[in-house]
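Right, one structure below, let's go through it.
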Amino acid sequence: LAVFGVYILFKRTVLGYEMRAVGFNRDAAETAGINPRKNMALALGLSGGLAGLSGAGEILGYHYRFVANWSAGYGWDGITAAVLGRNNPWGCLLAAIFLGALRAGGNSMSIMAQVPAEMIGVVQGLIVLFVAAPRLIDWLANSGVSYAIWLKKSPKNAIPWLTAAGYGIVGAFYAIGYSVISISIFPLSMMFLLTSIAGLLSFAMTFSRYQTSFAGHFFYVGCWLTAGILVLAYTGSMALALSSLAMCAIGVVVWLLVIALAPKGAGIRGCRP
């Protein structure tokens with residue numbers, strides 16, 4: 001009902017039109033005679049009211065009393081849903097269902113596949129990062145950054161590059177989680193810690209202009225392979241070993257695509273300036 005009501009407000013009323021105009025360009029809306037402060041205050045009030053309704057449903061319908069820290073950061077999920085849904089009411093609904101499924105499956109994922117539940121937060125952060133990436137790329141391209149210009153001109157070729165950057169940073173958080181849960185086995189914990197550091201270096205090296213940087217990327221892939229072998233040797237956990245080997249295989253595929261598709265001289269292939 002809230003989604004339908006907000007959709008009608010935004011698309012079928014003068015007030016909704018004014019709110020959208022202020023959101024797109026405050027100065028232009030003010031020039032057209034729209035009061036931006038009034039509309040911003042109304043938007044904040046409506047947002048707070050809807051958030052209060054959702055919180056009231058949780059407190060009155062589930063806990064039956066006020067419980068400190070009951071929300072577990074659901075407000076941040078709301079921001080992520082708004083970004084992922086492109087501020088469209090129906091898009092936000094689908095994004096909220098997706099994020100809810102991630103949270104609901106987080107505990108089961110942690111128990112069954114031994115994947116740290118904190119990965120949910122990492123995934124949400126990456127969603128915001130990649131949704132905001134087009135605007136960042138436009139700004140960098142307008143500033144004359146060669147990588148951004150290449151990304152803007154060749155979006156198909158840029159997909160493996162962006163995937164490689166995401167692979168590096170996601171794998172780094174993934175590995176540090178495994179390092180923590182395997183702290184009782186020192187060699188295995190240190191191997192995952194090394195893998196996490198290699199992932200961060202791989203992410204940074206994605207922006208390097210030098211061909212030698214690819215040695216660092218494949219060192220990161222090798223760390224995942226070594227970690228998978230050590231898991232089998234020390235614990236015999238097939239789930240954890242297969243996860244590590246899957247990360248290794250994904251890394252090989254991603255970087256082979258990057259090398260094959262990146263045009264020579266674009267910076268990503270590694271020509272010296």
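Please treat every number below as a calculation from the coordinates, not as lab data. These numbers were taken from a predicted model, which means no experiment stands behind them. No Cβ is skipped: glycine too gets one built from the backbone with ideal geometry, and neighbour counts run over all protein chains shown.
Tabulated results
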quantity: Length gained when the stretch Leu53-Ala101 is fully extended (0.36 nm per residue, less Cα-Cα span); calculated: 15.2 nm
quantity: Histogram of C-alpha separations across the chain, 10 Å bin width, %; calculated: 6, 21, 25, 23, 17, 7, 1, 0
quantity: Segment Asn142-Ala204, length gained on full extension (0.36 nm per residue, minus Cα span); calculated: 20.1 nm
quantity: Additional length obtainable on full extension of the chain from Val253 to Ile111, 0.36 nm per residue less Cα span; calculated: 48.3 nm
quantity: Angle in degrees between helix 89-112 and the longest Cα principal axis of the chain, rounded to the nearest 10; calculated: 40
quantity: Helix axis angle, 155-181 relative to the chain longest principal axis, alpha carbon, degrees; calculated: 80
quantity: Spin-label model distance (nm) - Thr31 vs Ala239, 7 Å beyond Cα toward Cβ; calculated: 5.9
quantity: Estimated FRET transfer efficiency (Tyr17, Ser71; beta-carbon r; R0 25 Å; 0.05); calculated: 0.15
quantity: Choice from Leu257, Leu60, Leu245 showing the highest fluctuation, given a GNM over the chain with Cα pairs closer than 10 Å; calculated: Leu60
quantity: Where chymotrypsin sites (Phe, Trp or Tyr not before Pro) fall in DSSP loop in the stretch 1-108, at most 13 other Cβ within 10 Å; calculated: Tyr64, Phe66, Trp70
quantity: Range in the chain, longest, excluding exposed trypsin sites (Lys or Arg not before Pro) [loop by DSSP; at most 12 other beta-carbon atoms within 10 Å]; calculated: 87-263
quantity: Modelled FRET efficiency - R0 22 Å, Phe130 with Ala41, Cβ distances, 0.05 increments; calculated: 0.10
quantity: Net charge, Val6 excluded, C-beta distance under 13 Å - Lys, Arg +1, Asp, Glu -1; calculated: +3
quantity: Lys/Arg +1, Asp/Glu -1 at C-beta; the chain dipole; positive extreme among Thr235, Phe218, Ala172; calculated: Phe218
quantity: Residue with peak Gaussian network fluctuation, the chain [Cα springs, cutoff 10 Å], from Val253, Val231, Val128; calculated: Val253
quantity: Relative contact order of the chain, pairs being alpha-carbon contacts under 8 Å that are 6 or more residues apart, as %; calculated: 13
